[in-house]
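The values are calculated or read from the model by the stated rules, or taken from the named source; none is laboratory data. Small disclaimer: the values here were computed from a predicted structure and weren't measured. A quick note on method: Cβ atoms are made from the backbone with ideal geometry, for glycine too, and the neighbour counts reach across all protein chains shown. Accessible surface is based on the protein model in full, side chains and every heavy atom, while ligands, DNA and RNA are left aside. Shrake-Rupley method; radii C 1.70, N 1.55, O 1.52, S 1.80 Å.
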Amino acid sequence: MAGHNSDGEAAGQRARMSGSGIPVVLLIALVIALLALLGIGTRYYVHGDVNAIHCLFIVFFSTNLLICYWEMCLFFRRDYVAARAEHWRKWRRETGRTPAIVFLTARLPPRRILSPTVWADVWATYAMIDSAYEERGSFGFAADIGNGFVTPIPTLILYAAYTLESLSAIVAGIIGAMLFWQWVYASSLYWVSFFMARKHTRLTRRELFVYVLGLNAVWVFIPMFGLYVSVRLILDGSYGVLGY
């Protein structure tokens, strides 16, 4: 009975994401772009300039805010993620196609843009790469849920501080050092857990470099640079590193 329910729910999900609507990948790009342009545009309006380092972190913060919503969806739809992962696994065996590509190119009706069930599919498709997102006791599952619920507020604080100098540079640097370090540590440890479990042996070279190394590298190397910026904010006592 559970299998029939899962199949029926999967079929309903496909029907709701077919036909007219905006492609998922385009919607993702638009959300990040709008969030980032708000910060970049505000800085230009207030200070009359644009700074490359500021732009980099505003885009990064905007991306994290979107991903935090997805991670909340992972928590609230964790049973659905496990069921959908099994559906996608069977579907990939039958068609030979990549579930992530199919999901990203599907069209999403405007009324379902905020649906937690829709965005839970992000994790169901990634479960083809790492089954940790079907396992509630795994490091990857816990780390992403933690990021989703813990980092939105400090992310917004730094977004505002980097744009408007709304905090003293020292306070912003301390918050940044804590936030960026946990991203470096958690993302690096995710790589360790992934390779120690030898999950890479089941992937093609393309899947390994794109989905595991490439995507997660953003959450290691940009936060490493963020640590440098945070230290400069603390030591300099000013936002000079961000071009102010």
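Restricting the search to helices (runs of 4 or more DSSP H) fully inside the range 17-134 and requiring at least 1 residues that are basic (Lys, Arg) gives 24-47, 78-95.
Just one residue in the set Phe195, Phe221 is open to solvent by 30 Å² or more (accessible area, probe 1.4 Å) and more than 24 Å from Cys55 (Cα to Cα); that residue is Phe195. Selection within the range 19-35: residues that are farther than 16 Å from Cys55 by Cα and surrounded by 13 or more Cβ atoms within 10 Å (Cβ to Cβ). The member of this set that is modelled with the lowest pLDDT is Gly21.
Yes or no, residue by residue, for (1) farther than 20 Å from Ile222 by Cα; (2) of a type in the set (Gly, Ala, Ser):
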| site | (1), (2) |
| --- | --- |
| Ala132 | yes, yes |
| Gly140 | no, yes |
| Asp144 | no, no |
| Thr151 | no, no |
| Pro154 | no, no |
| Leu158 | no, no |
| Leu164 | yes, no |
| Ala169 | no, yes |
| Ala177 | no, yes |
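Of all the residues in the range 151-174, those that are surrounded by 18 or more Cβ atoms within 10 Å (Cβ to Cβ) and either among the β-branched types (Val, Ile, Thr) or modelled with pLDDT under 95 (or both) number 4. Looking for something β-branched (Val, Ile, Thr), touching a residue at least 40 places away in the same chain (Cβ under 8 Å), under 24 Å from Val81 (Cα atoms) and open to solvent by less than 40 Å² (accessible area, probe 1.4 Å) - is there at least one such residue anywhere in the range 210-217? Within the range 210-217, one or more residues are β-branched (Val, Ile, Thr), touching a residue at least 40 places away in the same chain (Cβ under 8 Å), under 24 Å from Val81 (Cα atoms) and open to solvent by less than 40 Å² (accessible area, probe 1.4 Å).
Note on the range 224-242: residues that are open to solvent by 70 Å² or more (accessible area, probe 1.4 Å) and closer than 13 Å to Phe57 by Cα total 2.
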